[in-house]
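The values are calculated or read from the model by the stated rules, or taken from the named source; none is laboratory data. Quick caveat: nothing in here was measured; it's all calculated off a predicted structure. Positions of Cβ are backbone-derived with ideal geometry, glycine not excepted, and every protein chain shown enters the neighbour counts.
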Amino acid sequence: MSQKKNNIKTFFQALPKNIFSGFVVSLIALPLGLGLAMASEAPPISGVIAAVVGGVLVSILGGSNVTISGPGNGLVGVLLVAISTLGIESAYAAIICSGALLLILGFLRLGKLADFFPSSAIQGMLAAIGLIILGKQFHIMLAHRIKREDTIDYLLEIPFTINDAIHYNNTGLLYAAAAGVISFVIMIFYSKIRNKYLQLIPAPMWIVILSIAFSYYFELVAHQNNPIALEYMISGIPEFSEIIEQIPTIDFSKIDSLPFWTSVLALTLIASIESLLSIKAVDKLDPEKRRSNVNRDLKALGLATIGSGFLGGLNVVTVIARSSVNVNNGGSNRSSNFFHATFLVVFIVLFSSQLQRIPLPALMAILVYTGYKLASPENIRKIFKIGREQLIIFFVTLLVTLKIGLISGIASGVVVTFILHLIINKSFSLFGRNLLKPNVLMFQEDRNYYVSVKHFCSFLNFYKLKAKLDAVPETEDVIVDFSLCKFVDHTVMENLNNYQELFTKRGGHFEVLGLDLHDTDSKHPFALRRLLPVPNVIKKSLTRRQTTIEELAKDYQLSYVSKKERETHFLDSFLFFRVKSINYIYNQLSNKNEAINTFDIEFSEGEFIAKEVVRSTMLHIKLDKSIPEFTLDREGFLEKVYAFAGFKDIPIANHTDFSKRFYLLGEDTKAIQAFFTDEITHFFESNPYYHVESNGHDLLIFGRERLASIKEIKALYDFGKRLQQVVS
Amino acid sequence: MFVRYYEKNYLHFFRNYLTVIQKPFKTIGLGIAFSPNLKANLYEAARLALFFESKLVLIHVGNASEDKLESLKNILNTFKKDNLDYEVIFKPGDPVEVILGASEEKKVDLLVIGAAKREKIFTYYVGSIARQITRKAKCSLLLLINPSIERLPCQHIVVNGLIDPKTEQTIATAFYVGSKLKAEKLTIVEEIKQNEIAVKLNDDKSLRKTTILKERLRNRERSRINHIIEDIPEEFTKDIVIKSQPIFGTQGYSIGHYAQIARADLLIMNAPTKMTFWDRLFPHDIEHILTELPTDVLIIQ
């Protein structure tokens, strides 16, 4: 009873934060919803309907915690085919049927379905979807509407479209293309600008706001018509009352035809894969380290898809980019998904006529960027690094998906992967004889969980290993031993790497053993194993900054290490990194006993199109004694927003100047107040501002979210050294 | 309640086989072929016969000849000083039928079948004969995957602790074998079937529930095994380290895999209760072990 009361209490305490993050997510969901729907050639409002229905139903019935649901980019390709072959009314019927299938998948507990696909094949499929989106929308972004049979034709046409766009005579088209290009530039450079106020609104919403402001400028200030050609403006956004009146008729007459069911199957397949992958990725970001109930989520998504289909909306899936934005803005439970839906309704009720002022190319620029991110050369390079055979799988899946379709694409990926495994092992019997055998043993020895895998472990039977690993709480120690296993494929290695990250993040330990044996076994060229070990890329030449740091190290008698270090777990317990993932630290400067250590760090925030890679310089101090956990930062506008969202500043008695200028956060108010003695408070008052954070025994200090200059490193180091003396 | 039910059962069984424990293997049978492995197989079987103080019956599928008899005599000469009591039977026909028929005739309690694990095809062949024999045999069966002329000490024995009426006798025999072979360690593996865990694993809450449930099952199994061990005469248990290892996994499979990892020298199992058509189609229990033969396997009838 008291437990329950406590839950309700924490729920209401977290509510303001969730309303806030729901609001931010809705800012990105509105333009994406409109854009994804239009890219699928559905009415623009159908994307928003999917987001609203999904947000409401999944937040109430779902089993995950910080995910956001709505229309997904993976489905654009399938929906496009469904709508063009079946017509929109039958497509709604297909959406409803795929929702029912998803519901059944959830009831059959088939949340493990996504594990049966090799990860390079999934990458290839996603890249193909990216190219489908990019190929089609690029032309609209440059105000050049064309109609081609094949996706590849759209891609080949891109240079001609660019050429045409440069030579437009029609000013309407020119303005439209300019809107598209400017929006695309905003999407690219937004993540590179670290400005608090700018970052408060997501890039897609900036595009919406700027284009609406542009249109109002011409109407109210210049008293002219909007210079962008009328056919390149969004049309057909109904008033809220009209949406309810005009529920579309749904045509089930094609239910006995083959194309109908191919569409249903493709929709279900892609919807489930996209959702399951997203849930898995978002679980890693969850600051409260909860585990999602995947099957319950599938049921909720299925139900939401059925509802959305009946109301004239698209498929509802779990979406990664919006979910990561949710986590970054403090969303802590499913209510943020609900509020994201609520704010979307508010937007449509209040601003549906304003939305018609958005130029189509601007909206499509967002999608072109999404498509580019899905198919970016960066991904291909990463796959190539893993191994050449992965590249074959990737490209076969990619090409078949583009040429024939999604289901054939992913099927070909699976087949090619299996054939490659046969070739690599030169043995069919290894797979044929052992496929159906149980091959995983797990038992508890002392405090450890020991897992041994026999025969082979690939995407075909990874679910057996996964079932065992999922039964271990992430706070425990696990040892996975492959010494009896003849072959381990890339999909398994990648998934194990994910487990490793998850376990370390949640305080457990996950170790993989027995793979070094495979190196001596010439039968298996184990390129696939390269994924796990810590890649220490030693660059031969140092940059100028590095040589200067080297000099500085000599001067200050510090030791300097330039190479990338991926062992960064000492940073995991800091609040600052709770929703961020650290890539590596480098350029480390440390004093003799390694108590004070400055380093450059690369970390990333968010996922996919909301992903921002940040490099910064930080200082880490090991303390000899325990101090309370706290965060100290400059008092400013953003902090006031966060204060509204539920955090409270801790006042220090007799130091009004300090309290006014600094923003002090922490759970144990009394201990923090006792810790901030006159001496420590005076130290902070009389020194430059830094973000200072304590995790109980260590201090983390940094200035800006960018790399520091040599001078700044010196200042930072000096500050840290004096702070260490004051504190201890 | 569960435990009490078994306690009752055990007492019942206990009275029945106490006499059996004293000397379970009076006659040891060995199927022989004149292969390069003959010497190793004979040495192993002869040593066992001496350890268990039993008679050795050598069964050869084929016609008798002086040469064959002579070579057997030569090999077994080493054991003459130990007063090895042995007998040779020659009989042509189907290997499985001949071996089983002779075993029954000579009242063999333990039938030894040797195979070199290195010879892939032979292992498979022996595996298939062994499978046929285990299905039909009425006596205990020992499968040697790596017979050797020199005695390799048997250090670690793994025995199953399934919830099965036969288990108690199997464990008792394992202790008997362990003490005779002077094994250092005996591990009793309790395989707990997945379907005993009623909670389906979904999220943190169900994970907590399953973890607690598993701990409870583990304790139940441990106390069950402890009861079995208490009933075994102390002379067999006092010089051996006893370990209990509960495993959640596929029955019959996990123990074989475990024996392989734990580098057991001997794996002791219950004989399968019933073999229906479906059991052969969907391999389980002992079938998994017979196809993979992780180590020497002793199947107690």
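Considering only segment A:674-708, state which residues are among the polar types (S, T, N, Q) and not in a helix (DSSP H, G or I). I'd like the intermediate steps shown before the answer.
Initial filter on segment A:674-708 (among the polar types (S, T, N, Q)): A:677, A:681, A:686-687, A:694-695.
Residues satisfying the conditions are A:T677, A:S686, A:N687, A:S694, A:N695.
Counted as qualifying within segment A:400-496 are the helices (runs of 4 or more DSSP H) with 2 or more residues that are under 28 Å from the mean Cα position of the chain (by Cα) and either under 25 Å from A:Q390 (Cβ atoms) or more than 14 Å from chain B (Cβ to nearest Cβ) (or both), namely A:406-425, A:462-470.
Specify the residue that is farthest from the chain's Cα centre (by Cα); the eligible residues are those in segment A:342-391 that are of a type in the set (G, A, S) and part of a helix (DSSP H, G or I). It would help to see each step written out before you state the result.
Restricting attention to segment A:342-391, the residues satisfying the condition of being of a type in the set (G, A, S) are A:352-353, A:362, A:365, A:371, A:375-376, A:387.
Now restrict to residues that are part of a helix (DSSP H, G or I): A:352-353, A:362, A:365, A:371.
Values: A:S352: 29, A:S353: 32, A:A362: 23, A:A365: 19, A:G371: 15 Å.
So the residue we want is A:S353.
Scan segment A:121-154 for residues that are within 17 Å of A:L406 (Cβ to Cβ) and part of a helix (DSSP H, G or I) and the total you get is 19.
Of all the residues in segment B:74-93, those that are in contact with a strand residue (DSSP E or B) (Cβ under 8 Å, 6 or more places away or on another chain) and over 18 Å from B:F51 (Cβ atoms) number 7. Considered as a group, the residues in segment B:84-137 that are more than 23 Å from B:K23 (Cα to Cα) and polar (S, T, N, Q) include one that is modelled with the highest pLDDT, and that residue is B:Q132.
Residue by residue, here is whether (1) surrounded by fewer than 24 Cβ atoms within 10 Å (Cβ to Cβ); (2) modelled with pLDDT under 85; (3) of a type in the set (A, V, I, L, M) holds:
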{"residue": "A:G72", "(1), (2), (3)": "no, no, no"}
{"residue": "A:G87", "(1), (2), (3)": "yes, no, no"}
{"residue": "A:I95", "(1), (2), (3)": "no, no, yes"}
{"residue": "A:A100", "(1), (2), (3)": "yes, no, yes"}
{"residue": "A:L103", "(1), (2), (3)": "yes, no, yes"}
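Can you say whether A:I410 is within 27 Å of A:L134 (Cα to Cα), at pLDDT 85 or above and either buried (at least 18 other Cβ atoms within 10 Å of the Cβ) or not assigned by TED's automatic domain parsing to the domain that holds A:L265 (or both), as far as the supplied structure shows?
Working: within 27 Å of A:L134 (Cα to Cα): yes; at pLDDT 85 or above: yes; either buried (at least 18 other Cβ atoms within 10 Å of the Cβ) or not assigned by TED's automatic domain parsing to the domain that holds A:L265 (or both): yes.
Against the criterion (within 27 Å of A:L134 (Cα to Cα), at pLDDT 85 or above and either buried (at least 18 other Cβ atoms within 10 Å of the Cβ) or not assigned by TED's automatic domain parsing to the domain that holds A:L265 (or both)), A:I410 qualifies.
Pairs, please: C-beta under 8 Å, at least 6 apart or cross-chain, first residue among the polar types (S, T, N, Q) and in segment B:214-227, second assigned to a helix (DSSP H, G or I)? Pairs that qualify, where the first residue is among the polar types (S, T, N, Q) and the partner is assigned to a helix (DSSP H, G or I), are B:S223/B:V3.
Here is a yes/no grid of residues against (1) on the phi < 0 side of the Ramachandran plot; (2) in a loop (DSSP other than H, G, I, E, B); (3) among the small types (G, A, S); (4) at pLDDT below 85:
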| site | (1), (2), (3), (4) |
| --- | --- |
| A:N597 | yes, no, no, no |
| A:D600 | yes, no, no, no |
| A:T617 | yes, no, no, no |
| A:A643 | yes, no, yes, yes |
| A:D649 | yes, yes, no, yes |
| A:K660 | yes, no, no, yes |
| A:L664 | yes, no, no, yes |
| A:I672 | yes, no, no, no |
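When restricted to residues that are loosely packed, with under 15 Cβ neighbours inside 10 Å and out of contact with any Asp or Glu (no Cβ under 8 Å at 6 or more places or on another chain), segment A:431-468 contains 6.
Return yes or no: is A:G130 small (G, A, S) and in contact with a Pro (Cβ under 7 Å, 6 or more places away or on another chain)? Judged against the criteria, A:G130 is not a match. From the list A:V327, A:V317, A:V345, the lone residue that is surrounded by fewer than 20 Cβ atoms within 10 Å (Cβ to Cβ) and touching a helix residue (DSSP H, G or I) at 6+ places or on another chain (Cβ under 7 Å) is A:V345. Report yes if B:F79 is at pLDDT 80 or above, over 24 Å from the mean Cα position of the chain (by Cα) and among the hydrophobic types (A, V, I, L, M, F, W, C), otherwise no. Spelling it out, it is not the case that B:F79 is at pLDDT 80 or above, over 24 Å from the mean Cα position of the chain (by Cα) and among the hydrophobic types (A, V, I, L, M, F, W, C). Scanning segment A:162-198 for residues that are exposed (fewer than 13 other Cβ atoms within 10 Å of the Cβ), aliphatic (A, V, I, L, M) and either over 12 Å from A:I366 (Cα atoms) or not assigned by TED's automatic domain parsing to the domain that holds A:I234 (or both) yields a count of 3.
Return yes when A:S253 is in contact (Cβ under 8 Å) with a residue 40 or more places away in the chain, of a type in the set (S, T, Y) and closer than 30 Å to A:L575 by Cβ and no when it is not. It is false that A:S253 is in contact (Cβ under 8 Å) with a residue 40 or more places away in the chain, of a type in the set (S, T, Y) and closer than 30 Å to A:L575 by Cβ.
The numbered conditions (1) free of Cβ contacts under 8 Å to residues at least 24 places away in the same chain; (2) within 15 Å of A:E629 (Cβ to Cβ); (3) not basic (K, R) are all true for A:G666 except (1).
Would you check if B:I145 is over 21 Å from A:L441 (Cα atoms), more than 16 Å from the chain's Cα centre (by Cα) and either away from chain A (no Cβ under 14 Å) or at pLDDT below 80 (or both)? Spell out how you get there, then give the answer.
Values: over 21 Å from A:L441 (Cα atoms): yes; more than 16 Å from the chain's Cα centre (by Cα): no; either away from chain A (no Cβ under 14 Å) or at pLDDT below 80 (or both): yes.
Criteria not met by B:I145.
When segment A:474-493 is filtered for residues that are surrounded by fewer than 18 Cβ atoms within 10 Å (Cβ to Cβ) and out of contact with any strand residue (DSSP E or B) (no Cβ under 9 Å at 6 or more places or on another chain), only A:T475 remains.
Looking across segment A:413-430, just one residue is in contact (Cβ under 8 Å) with a residue 60 or more places away in the chain, closer than 19 Å to A:S119 by Cβ and either of a type in the set (S, T, Y) or exposed (fewer than 15 other Cβ atoms within 10 Å of the Cβ) (or both), and that is A:T417. Every condition in (1) hydrophobic (A, V, I, L, M, F, W, C); (2) touching a Leu at 6+ places or on another chain (Cβ under 6 Å); (3) outside any helix (DSSP H, G or I) is met by A:V52 except one, and the failing one is (3).
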